[in-house]
1. Output the number of residues of the stretch 12-44 satisfying the condition of being touching a Phe, Trp or Tyr at 6+ places or on another chain (Cβ under 9 Å) and on the phi > 0 side of the Ramachandran plot.
2. Take the residues of the stretch 25-41 that are over 21 Å from Leu62 (Cα atoms) and small (Gly, Ala, Ser): which is farthest from the chain's Cα centre (by Cα)?
3. Could you tell me which numbered condition Gly60 fails, if it satisfies all but one of (1) small (Gly, Ala, Ser); (2) touching a strand residue (DSSP E or B) at 6+ places or on another chain (Cβ under 8 Å); (3) away from the ligand (no atom under 16 Å from the Cβ)?
4. Take the stretch 25-51 and flag every residue that is of a type outside the set (Phe, Trp, Tyr), near the ligand (Cβ under 10 Å from one of its atoms) and not in a strand (DSSP E or B).
5. Can you tell me how many residues within the stretch 3-13 are near the ligand (Cβ under 8 Å from one of its atoms) and exposed (fewer than 13 other Cβ atoms within 10 Å of the Cβ)?
6. Please give the number of the condition Lys56 fails out of (1) at pLDDT below 95; (2) not in a loop (DSSP other than H, G, I, E, B).
7. Any residue that is in a strand (DSSP E or B), within 12 Å of the chain's Cα centre (by Cα), more than 11 Å from the ligand (Cβ to nearest atom) and in contact (Cβ under 8 Å) with a residue 12 or more places away in the chain - is there at least one of those in the stretch 14-24?
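The values are calculated or read from the model by the stated rules, or taken from the named source; none is laboratory data. Everything numeric here is computed off the predicted structure, so don't read it as measured data. Cβ sites come from the backbone with ideal geometry, for glycine too, and all protein chains shown count toward neighbours.
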Amino acid sequence: MKIKGFECCFCKKSINENQVEPVDISIVFNEDVKKKTGAMQLFYSHFDCLRDRLHKDNRGYLVREDD
Ligand SMILES: [Zn+2]
């Protein structure tokens, strides 16, 4: 399946593909590796939108490839 475009899950604006965007945010609910259960959901966002929503203490862990 080819994806036509990406929309940011935080600001709802379109994301132009570049070296760091779209940022893929994957969320795994109730993961149990042994039982192979758990549901995964994937979101896309702008780098800055994700960074701005992280607590300031965690922003340092988010590093762009070009930084
Ligand atoms: Zn955004």
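1. Number satisfying all stated conditions: 1.
2. Of everything passing the filter in the stretch 25-41, Gly38 is farthest from the chain's Cα centre (by Cα).
3. (2)
4. His46, Asp48, Cys49, Leu50, listed by residue number.
5. Adding up the residues that qualify gives 2.
6. Failed condition: (2).
7. Checked the stretch 14-24: at least one residue is in a strand (DSSP E or B), within 12 Å of the chain's Cα centre (by Cα), more than 11 Å from the ligand (Cβ to nearest atom) and in contact (Cβ under 8 Å) with a residue 12 or more places away in the chain.
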